[in-house]
1. On average over all directions, what projected area in square nanometres does the range 14-54 have, based on the convex hull of its Cα atoms?
2. Roughly speaking, what is the stretch gain from Asp30 to Leu16, that is 0.36 nm per residue apart minus the C-alpha to C-alpha distance, in nm to one decimal?
Amino acid sequence: ILDVYGAVVAAGNGGLDAVPNTFSLHDQYDVQPDTLYTSNMIRITGIDTPATISISGDGEYSIDNGGFTGAAGTITANQNVRVRLKSSAQAGAIERTQLIIGGIRDTFNLKTTGGGRGGGGEAIWLLPLLMACRPRKRNH
């Protein structure tokens, strides 16, 4: 049996389910450049036979706090997974990796600090405006 992405999820396994429930990796913003970041932990549910697990790009995953790897493998029900990715060296840039388990996928995004207004830059251009609007003292 093929999933919607063309991956084999069941082959003569008596109707066992290798497609997990959806999962969500939480994106991280305003991260430091050129630094490794680890996602939230997700528990794999909704399967009753081992499912394939893989990751795209430069990301790596870890099952049940084991070592991180970028190699495809298998995962079973109620195991926990985390994703690890290195942020861009560029300010305001986004790095992403996609975790795929039994054909279900989600993307982990990291956006570095900087790269435009934000992080307090608004105060620089607001100051002259605030100064012009303040009440002036009258001389009598």
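We did not get these values from a lab; they are worked out from the coordinates using the rules stated. Since we're looking at a predicted model, the values are computed, not measured.
1. 3.9
2. Contour length minus Cα-Cα distance gives 0.8 nm.
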